[in-house]
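What follows is calculated from the coordinates using simple rules that are stated; it is not laboratory data. Being a predicted model, the structure only gives us computed values, none of them experimental. No Cβ is skipped: glycine too gets one built from the backbone with ideal geometry, and neighbour counts run over all protein chains shown.
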Amino acid sequence: MRAKDIGLASCHTCGLLQQLPPSGHAHCPRCHSPVHLRTPNSIQLTWALLISAIIAYLPANLYPVMTVTSLGQSQSDTIMSGVIYLLLHGDWPLALIVFVASVLVPLLKMVALLYLLFSVQRHSPMRKSQRTRLYRVIELVGRWSMVDIFVVSLLAALVQAGSLATIEPGVGAIAFTSVVILTMLAAMSFDPRLIWDHEEAHRDIT
Amino acid sequence: MSLPHPASVSRGELTACHECDALQALPALRPGQSASCRVCGAKLLRYPAGGLNRPIALYITAFILLLLSNSFPFLTLEIQGRQEVTTIVGASRALYNAGMGELAVAVFMTSILAPTLLIASSLYVLLAARFRLPLPLARVALSWISHLEPWGMLDVFMLGVLVAFVKLGNMATMHTGLSLYAFCGLIAVSAAATAAFEPRLLWRRLGRRRT
C-alpha cells in the first residue's frame, strides 16, 4: 500500500511518518524540513537540469580540460585524450577507473535519467523495482565523475608557472564540472516515488 | 548514556519508504542491524552498534586528521632540483590563480568545505545529544547533514591524487607529504564514522521542538 493513498508521508530528513494536509505539503513537526507527498514539480525540474547537463556535455568533451606547456610546446588534453594518455603511459587499471568515472558514468547517468523521466511520464507499470534500483545507483556514483577535475587542479597546483612546464586548466573543465553538478542536482530533484504512481492515469503527479 | 532499549527503537513503528512509498512496519532492530524496504530494498533505518560513544570517538579522530591533512605539504614535485609543494587548498588556489574562480569554488567546496562542515556538524550534534547540552542550532546542524553528504568528496579527491601521481610520475619525481598520510587516514575514519552514525536515530532522541 502506498502511503500517499491515505495521505501519509515520511519526512526525508528525520524519517517521521505524518499525516499531510490535503495540499500534500507541510513542514515536519519534528525537524521543520518541508515534507511532500510527492516532490513538487519534480519532473519539470529534473528535465530542466538534465537538458542543461546534456547541453554542457558537448563543450565538456570537445574543449580541452587542460593545456600543458613545456619548452615552448603546448599540448591540450580533453577528457578522452587524458584517458588515452593514461592507457599508454600509466597502467590500464587506472585508465579503466578514470574511463568509467569520467566518460561512462556521466553518459550512462544522463541516459538513465532520460529513461526514468520518459517511463514515469508514460505511466509505465514495467520493472518498477529495477527502475528504483537504477535510480539508487545513479545517486550513488554521480560524484565520482569529479575525479578528472581534481586531477587537473592538482596538476595545475604542482606544475606552476616558472618551472620548466606549466599546466593550465581549460574551458572544458568548467563545462565538465557543470555536467557533474547538474546531473547530481537532476538526480536529487527526481522523486523515485513517482515510479510507483503508474496507476494514476491523469496528471496529478506534480 | 545509550540509545533507547533495542526493542523499542523501531518495533512495529510504521514508515513510508522514501523510494517506493510502500507503507510498512519496521522490524525490531538490534544494534548492528538495519531495516530495508520489503518492496524495493531501499535502506529504511540503520541501528549502528556502539551507541553514541563510537561515532563521537570516530568524528573527533576525523576532525584531528582533517586539521593535520590541511596544515602540512600534501605532495612535493621535483623537477631538475626545483621543488614545488602543494597543499589541499593549493589545488583550488591554482584554479583561482588561473582565472577559473567558479571551478575553484567547486573544488574548494567538495574537497574542503563540505567535508569540514559534515564532520564538524556531526560532532556538534553528537556531543549535544550525548551530554544533553542545550547547544544552539543543533537541530539545524542535524538537518543539514544529509544535504551535505553527497557534496563531500574526499574519496574522489584521493582517486584524483592517485591519477595525478601516475601522470606526473613520468616527467618528475614526486614526494608524499605528511598531509597525504593524514588524508588517507581521514578517508578511512570518516567512512567508519558515517557508518556508526544514523541521524534519524538522533532525531528520535531530540524529539519534537518545544518552542
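Listed values, structure above:
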| read-out | value |
| --- | --- |
| Estimated vicinal HN-Hα couplings, Hz - the stretch B:31-46 in sequence order (Karplus 6.51, -1.76, 1.60; Gly, Pro = x) | x, x, 9, 9, 10, 10, 5, 6, 8, 10, x, 5, 5, 9, 7, 10 |
| Under 5 Å, built H, 5+ apart or other chain: amide partners of B:Leu29 | B:Val9, B:Ser10, B:Arg11 |
| Globularity index of the stretch B:52-206, i.e. its alpha-carbon radius of gyration over 2.2 N^0.38 Å | 1.18 |
| 10 Å-binned pair-distance histogram of the stretch A:1-75 (Cα, whole percent) | 16, 26, 17, 15, 13, 9, 4, 0 |
| Chain A: angle of helix A:128-141 to the longest principal axis, Cα-based, in degrees nearest 10 | 40 |
| Cα point-scatterer Debye curve for chain A, base-10 log of I(q)/I(0) at q = 0.10, 0.12, 0.13 Å⁻¹ | -0.56, -0.72, -0.79 |
| Residue-averaged 222 nm ellipticity for chain A, from DSSP H runs of 4+ at -39500 (n - 2.57), nearest 500 | -16000 deg cm²/dmol |
| Computed over the protein assembly as shown, the ratio Rg/Rh where both radii use C-alpha atoms and Rh is Kirkwood | 1.00 |
| Distance in nm between pseudo-label sites at B:Glu149 and B:Arg30 (7 Å out along the Cβ direction from Cα) | 2.5 |
| Per-residue mean of C-beta atoms belonging to partner chains within 10 Å, peptide A:139-149 | 5 |
| Degrees, to the nearest 10: B:154-169 long Cα axis against longest axis of chain B | 20 |
| Per-residue mean of C-beta atoms belonging to partner chains within 10 Å, peptide A:107-119 | 0 |
| Long-range Cα-Cα pairs in the stretch B:16-107 (distance over 18 Å), rounded percent | 70 |
| In order through the stretch A:114-124: 3J(HN,Hα) via Karplus (6.51 cos²θ - 1.76 cosθ + 1.60), integer Hz, x for Gly, Pro | 4, 4, 4, 5, 4, 5, 5, 5, 8, 6, 5 |
| 5 angstrom amide H check on A:Leu17, placed H, neighbours 5+ away | A:Cys11 |
| Backbone HN-Hα couplings from phi across the stretch A:47-59 [Karplus 6.51/-1.76/1.60, Hz, Gly and Pro as x] | 4, 4, 5, 5, 5, 4, 5, 5, 5, 5, 5, 5, x |
| Where labels lie 7 Å past Cα in the beta-carbon direction, separation of B:Cys184 and B:Leu68 in nm | 1.2 |
| Most to least packed among A:60-69, A:22-31 [average Cβ atoms within 10 Å] | A:60-69, A:22-31 |
| Ranked list, fewest to most other Cβ atoms within 10 Å of each Cβ, for A:Tyr115, B:Tyr96, B:Tyr47, B:Tyr59 | A:Tyr115, B:Tyr96, B:Tyr47, B:Tyr59 |
| Disulfide-incompatible cysteines by the Cβ rule (no partner under 4.7 Å) in chain B | B:Cys184 |
| Averaged over A:21-34, number of beta-carbon atoms from partner chains that fall within 10 Å | 2 |
| Over chain B: helical MRE at 222 nm, DSSP H runs n ≥ 4 each giving -39500 (n - 2.57), nearest 500 | -16500 deg cm²/dmol |
| Highest average packing first - A:185-198, A:72-85, Cβ atoms within 10 Å | A:185-198, A:72-85 |
| Separation in nanometres of the label points that stand 7 Å from Cα toward Cβ, at A:Val111 and A:His32 | 4.6 |
